[in-house]
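Step one of this worksheet: look at the structure below.
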Amino acid sequence: MKCDHAQQLIVQYIYGELPDERSHSLELHMAGCESCRAELQAYQALRQTMSLVPVEEPSPNFLAQSRIRLGDALDLLPPASLWMRFEIGWQGFLAQLHAAPGMAMAIAVVGLGIGASAGHYWKHELAHQPAAQFAASVAPAEVAAVPSVYNVSEIVQHPNTDMVEVHFNTMVPATVEGSIDDPEVQKLLLMATQNAVDPNVQSNSVALLAAQCKAGHYCEDGPVRTALMVALRYDRDPSVRLKALEGLKPYVGQDVRVRDAVLESLMHDPSQPVRGQALQMLEPVRADSSVRLVLQTVSTGDNNSAIREASMKVLQAIPPTE
């Protein structure tokens, strides 16, 4: 074993992820190689030092945001070609066989057995089964279920009505039309709020759901309100976040989750208009202890002078009895 190869295996060796036979080869090499032993000691010291540092668990908000960003990035990747998928799958299969030669032998034996049995079966069945019956037995079964939706391509609202047209794609483009309270329409609108391919569709869906929530329609404590909170926290477009705020406004006083989402926007949103709108929404609940604490923090330590002054005015407007 050469030194460069041995040093590539040291990290796996330290964490117990190296197979036994390779660990043995590495140990034999390090027994006679001073430079590789020094490399091993350096990695062990680094691991011991890192183990003394406390590990902080990521917050649920951070995990959710990371998943959304990962999903957006994956959506933008070009689809892998058929040959690339075949090559990746084949290489993974060969790697598994290389790591487990016993499994390779077992697969070969099972394959021979299945091939022999299948040949005998088909020879017997084809000799005794009528042609029509044989054709029916191998014909693919009809799929009764509706194909799953791939994405939402367009949303059109009928003027002065609650009727909307939601154009969506399966294997071919399709459209469904109905009232916003129709379960199928609402499901598609919720899906459209996560459309990372077409920002206009995403913005339209959030605006439509927000307008209905603001009017007090179809926005009970459920997926619609949750979708607006997700858009408020994680959407990259500040205009979409403003629309989400408008839809959540009627519920900031009754739903603690909505109030917390608005407080997060006031403290951390990069857009000043969004922060200003969030501050206005919090005025009716300014006496709430969590709201008061955030206002005190923002009014004294925020980097934006306009936000500091506005927060201070809201605080000063709280009557002493509150």
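The values are calculated or read from the model by the stated rules, or taken from the named source; none is laboratory data. Just so we're clear, the structure is a prediction, and the values are computed from it rather than from any experiment. With ideal geometry, Cβ positions are generated from the backbone for all residues, glycine too; neighbour counts draw on all protein chains shown.
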If you go through segment 219-263, how many residues are outside any helix (DSSP H, G or I) and under 24 Å from Gly71 (Cα atoms)? 4
Could you grab me the full set of residues in segment 208-237 that are small (Gly, Ala, Ser) and either on the phi > 0 side of the Ramachandran plot or surrounded by fewer than 21 Cβ atoms within 10 Å (Cβ to Cβ) (or both)? Ala211, Ala215, Gly216, Gly222
Within segment 138-159, track down each residue that is modelled with pLDDT under 85 and closer than 27 Å to Gly216 by Cβ. Val152
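Only one residue in Arg225, Arg275, Arg259 is assigned by TED's automatic domain parsing to the domain that holds Leu190 and under 20 Å from the mean Cα position of the chain (by Cα), so which one is that?
After applying the criteria, what remains is Arg225.
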Looking only at segment 264-273, decide whether some residue is surrounded by 20 or more Cβ atoms within 10 Å (Cβ to Cβ), assigned to a helix (DSSP H, G or I) and modelled with pLDDT of 90 or more. yes
May I ask you to verify whether Val230 is under 26 Å from Asp181 (Cα atoms) and touching a Phe, Trp or Tyr at 6+ places or on another chain (Cβ under 8 Å)? no
State whether one or more residues within segment 48-55 are outside the structural domain of Gln194 (by TED's automatic domain parsing), within 30 Å of Met229 (Cα to Cα) and at pLDDT below 80. yes
Considering Arg257, Arg233, Arg225, which residue is within 30 Å of Glu184 (Cα to Cα) and in contact (Cβ under 8 Å) with a residue 60 or more places away in the chain? Arg233
